[in-house]
Amino acid sequence: MARWVHELAAERGDAEYELVDLRDYALPHLDEPNAPAMGNYRHDHTKRWSEKIASFDAFVFVTPEYNHSIPGVLKDAVDFLYAEWAHKAAGFVGYGVDGAVRAVEHLRHVLAMVSVATVQAQVTLSIYADFENHTTFKPAAAQEERLSLVLDQVLAWGGALRPLRAA
């Protein structure tokens, strides 16, 4: 799904899009000795993650839903940092039995605590409607339209929040 989102976003040509995979950062379970709000990172993996997140104006999170929530690795990735998230926008693409609506709602709450503004539109991919035999990703045509709306809103909010990031 993340590749699908990235490919469709890149085709728009209205911003630079980058696919960030948490597997490429191998963050352990919160091992910094100081609270993230202090911004005093000791570990190279945290510094690398900090630089990556700080480089963006906005995000589109692609997440599955497990037990009505987001995966622990995603929660940890958010929790590792603080200021790097602030005054940025986020949109969501969720997938699961019910389109990951509960996971996305949980992620909205988590991101609110680090001052991320989340957009209203979201893509909800169902393993019944958007996957062939529950495994092969084949999104319904309407999902591209929904993704376009998410991207429109993320770009608008990311731009609107720019003065706050500059302050």
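The values are calculated or read from the model by the stated rules, or taken from the named source; none is laboratory data. Treat the numbers as computed from the prediction; the structure is a model and nothing was measured. Cβ: placed from backbone, ideal geometry, glycine included. Neighbour counts: every protein chain shown.
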Among the residues of segment 80-93, how many are crowded, with 17+ Cβ neighbours inside 10 Å and not in a strand (DSSP E or B)? 6
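Matching residues to (1) in contact with a strand residue (DSSP E or B) (Cβ under 8 Å, 6 or more places away or on another chain); (2) within 30 Å of P36 (Cα to Cα); (3) not polar (S, T, N, Q):
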| site | (1), (2), (3) |
| --- | --- |
| G91 | yes, yes, yes |
| Y95 | yes, yes, yes |
| D98 | yes, no, yes |
| A103 | yes, yes, yes |
| R108 | yes, yes, yes |
| A112 | yes, yes, yes |
| V119 | yes, yes, yes |
| T124 | yes, no, no |
| Q143 | yes, no, no |
Among R42, R23, the single one that is surrounded by fewer than 17 Cβ atoms within 10 Å (Cβ to Cβ), basic (K, R), free of Cβ contacts under 8 Å to residues at least 60 places away in the same chain and outside any loop (DSSP other than H, G, I, E, B) is R23
Y66 vs (1) within 26 Å of T136 (Cα to Cα); (2) modelled with pLDDT of 95 or more; (3) surrounded by fewer than 15 Cβ atoms within 10 Å (Cβ to Cβ): all pass except (2)
Out of the helices (runs of 4 or more DSSP H) lying entirely within segment 97-167, which hold 1 or more residues that are under 18 Å from E11 (Cβ atoms) and of a type in the set (S, T, Y)? 141-160
Those residues of segment 122-148 which are buried (at least 17 other Cβ atoms within 10 Å of the Cβ) and closer than 26 Å to F56 by Cα, in sequence order: Q122, V123, T124, L125, Q143, R146, L147
Across segment 91-147, what is the number of residues that are without any contact (Cβ under 8 Å) to a residue 24 or more places away in the chain and under 14 Å from the mean Cα position of the chain (by Cα)? 4
Looking across segment 1-20 at residues that are within 14 Å of the chain's Cα centre (by Cα), in a loop (DSSP other than H, G, I, E, B) and in contact (Cβ under 8 Å) with a residue 24 or more places away in the chain, the single one that is nearest to A83 (Cα to Cα) is V20
